[in-house]
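The values are calculated or read from the model by the stated rules, or taken from the named source; none is laboratory data. Quick caveat, the model's predicted, so the values are computed rather than measured. Note that we place each Cβ from the backbone using ideal geometry, even for glycine, and neighbour counts take in every protein chain shown. Each accessible area value is taken on the protein alone, full model and side chains, heavy atoms only, with ligands, DNA and RNA left out. Shrake-Rupley method; radii C 1.70, N 1.55, O 1.52, S 1.80 Å.
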Amino acid sequence: GHVNTSFQCSKDELRRLRSLERHFKRKLRSVHQRFADVPDSNVIVGRHHVYAEDGHGVYRLARGLGQLLTYLAITVHPPSGEGDMEQVLCADWARGVAGTIQRVRLSPTEAMLAATVQDNDSEDTRCILVQLGHSVVPQKPMLILDKVFSFEWASDDVLFYTTQEALQCRHVFRLHLSETGANSILVYEENDPEFFIEVSHTRDQRLLTLNCSSKSSSEVWLIDSMAPFSRPRLVHPRQPGLLYHVEHAGGQLYILANTGPAQEYQVLRAYPCSPGMQHWEPVFSPEPGAVIKDMEVLQDHCVCTVREPQGRLQLHTFPLSAPNHVAALQLPPWACAVETQRLSTEDRGACSLLLSSPVHPPVCYLLSPKELQPLSQEDEPQHTHPREGHTTRLWAHSQDGTAVPLTLFHMQALEELREAPLLVHVYGAYGLDLNMAFSPEKRLLLDHGWALAYCHVRGGGECGLAWHRAGRLQLKHKGVEDLTASIHTLFSSGVSQPALTALTARSAGAVLAGALCNQHPQLLTAVLLQAPFLDVLGTTQDPSLPLTVEERGEWGDPLADPQQRDNIASYCPCHNITPQLYPSVLITAYSGDSRVPFSGVLKYVERLKRAVQTHASSHSGHVPAVILDSQPGGDHFGPEAFDQSLSESARQLAFLYTVLGLDYPGSPLQRTRQKKKPST
């Protein structure tokens, strides 16, 4: 990529960064190999075969040969020289797209397979349809559909799918495969630009759901899989503030909706013939302070992932026939992310769980609610047992007294962290939780003495939904206050110090990170921003951009409401830069990013460089670096290609170690110092 630096980053410093980048790339490649075969979720078990994808292809094994994969859900890598593995789809078949497989769906009787391939340099996708046979699979696609975002099979010859244009999904099509050919017709069109539509399946495959969602409301339409040519039926019309999702089991609808106390989620049920909200019957609400994060409906049980008031995750299960008989299942204290997956396309009343944390590799558990021991751990590959660290949960008290949860990962005891480097993570937007899934890069930092803090500030999903309904447009100010209080709490708890502290954020999380740098730059020494949203005011005033109208529910409408414009201007990172001593910043951005305009990133960088230069002209001492790592391509979520992703991560680690003045064990700099050390 092209690296654009500010005036104060010398060529010598850049050479050192490049040298460290190569060093860290080798280290990262090694740690990725160490965890290469941890349990994964890219496995589908059909009636006759087990299917797995590795990003470049879809492969299958006969059920008898694949039983281990059925229960452990470990990614299949095609064994060289062995004939048991059969490739049924190749990403290269998506003509004109050099990409990676994103989603795979198997038809009900395993006659057809569909998969979307996303271009590695953009968010363009194509859907490949393949006809499957019991013995031989044609090594070519049956059909290719352009710009498909979500899709589900209703039957072996009927596929429902949505198309994405300019990051918006507004149309649902039904594809009918017949002896006379393939025919697509429009079955639903969304007219509100603030809504996004996605097609999904209930777990029992009985109903297709058309899920229409905005930032503050939703509605669901149902299609009977047994009658795919029937018209969609509405569950309940959209209304401001109402969010709901629908599952099906035993002839009833199970609805997860924010109709509980304090406007949090609860589980309700209704009959398909009377699905409206007036017929919803509550069946489960968590205790006060607890929040439902996910719901799975099995054959005869409901499983809810619940965040306790103390911040830990639990599973709550209850029989569908007796919802008052709730059983709470404790998860390991390190578990911060739960991913559920079915064991096969035929629901058998059990599911597989992958538990992980940013520093703990996924561990596969089998959940069978009817068993005496409902939650059991599957065997792990021996080398995935890492050196056990600490998971500490803290609470910060924000400016208005609100308690803000913190999750801290560390190897040393808490009282030994004063000299440890600290990497703080924040997001705080769209009501979404921080990503707490396993990351080999985070594990590498932990193993080398770093403390990793995750701040669950308001604006994200960790603090519940009530705040989003009460005052979404004020959440950015509250989020900055929460982040400030969180960092102060870490320091007062004996964790690190400003000279060793870095903050990382991506996408909309950069709004809080940038605002913190403007208001409290003394708290940080380094900042990492990836695909950052920094020019909030400029972007929200341009309705021609793809997401401006759709995301008014999150950011407001400065063109229609002067008060909202003033509110955005008061926290926008790009519009509040002043000459002062900023932390050093590395920004990774993608020139073709359609979600975050590259022009806004350039505007922020130029304003920040001028502010740094103005301050340096009248103050002596340390001058921070401002580095823009401008990468080609338009994928907002980073490179799909493994080697490019590795280079990006290595560049960021090199920046952190350079700016914080750290020596990496085995680094060229440390070896040089060891050689120069006089003997005694």
**Asked** Using 7 Å Cα-to-Cβ label points, what is the GLN278/ASP54 separation (nm, one decimal)?
**Response** 5.8 nm
**Prompt:** How much area per residue is accessible in region 503-643 when the probe is 1.4 Å and only protein heavy atoms are counted (Å²)?
**Reply:** 35 Å²
**FRET E, pair ARG18, PHE642, Förster distance 22 Å, beta-carbon r, rounded to 0.05** = 0.60
**Request:** For the chain, give the percent of accessible area contributed by carbon and sulfur heavy atoms, probe 1.4 Å, rounded to a whole number.
**Result:** 50 percent
**Item:** About the Cα centre, charge dipole magnitude for region 521-680 (Lys/Arg +1, Asp/Glu -1 at Cβ), debye
**Value:** 1260 debye
**Item:** Residues of region 109-125 with amide N under 19 Å of the 7 Å Cα→Cβ point at ASP92
**Value:** 115-121
**Message:** Which one, GLN239, VAL172, GLY592, is farthest towards the positive end of the dipole of the chain when Lys and Arg carry +1 and Asp and Glu -1 on their Cβ?
**Reply:** GLY592
**Item:** Note, ³J(HN,Hα) from phi for region 223-230, Karplus 6.51, -1.76, 1.60, rounded to Hz, x at Gly and Pro
**Value:** 10, 6, 4, 7, 9, x, 8, 6
**Request:** Mind scanning LYS11/LYS442; LYS215/LYS476; LYS25/LYS442; LYS25/LYS603; LYS215/LYS293 and naming the pairs with a C-alpha gap bigger than 21 Å?
**Result:** LYS11/LYS442; LYS25/LYS603
**Fill in**
Rounded to whole angstroms and listed largest first, the alpha-carbon spread of region 207-287 along its three principal axes comes to 41, 28, 17
**Prompt:** Once the piece of chain linking GLN373 and GLN474 is laid out straight, how much longer is it, given 0.36 nm per residue of separation minus the C-alpha distance between them?
**Reply:** 31.8 nm
**Complete:** Computed over all unlike Cα pairs, the Kirkwood hydrodynamic radius of the chain in Å stands at 26.7 Å
**Fill in**
region 132-202: relative contact order from alpha carbon pairs under 8 Å, six or more residues apart, as a whole percent, is 25 percent
**Request:** Quote to one decimal, in nm, the extra length available between ARG47 and SER591 on full extension: 0.36 nm per residue of separation minus the C-alpha distance between them.
**Result:** 191.4 nm
**Relative contact order, percent, region 154-273 [alpha-carbon distance under 8 Å, six or more residues apart]** = 15 percent
**Prompt:** What are the semi-axes of the equivalent ellipsoid of region 489-548, taken as the square roots of 5 times the eigenvalues of the Cα gyration tensor, listed largest first and rounded to whole Å?
**Reply:** 30, 10, 8
**Message:** Just want to confirm a number: the relative contact order over the chain, from Cα pairs under 8 angstrom separated by 6+ residues, in percent.
**Reply:** 11 percent
**Asked** Label point 7 Å out from HIS619 along Cα-to-Cβ: which residues of region 565-597 have amide N under 18 Å?
**Response** 576-586
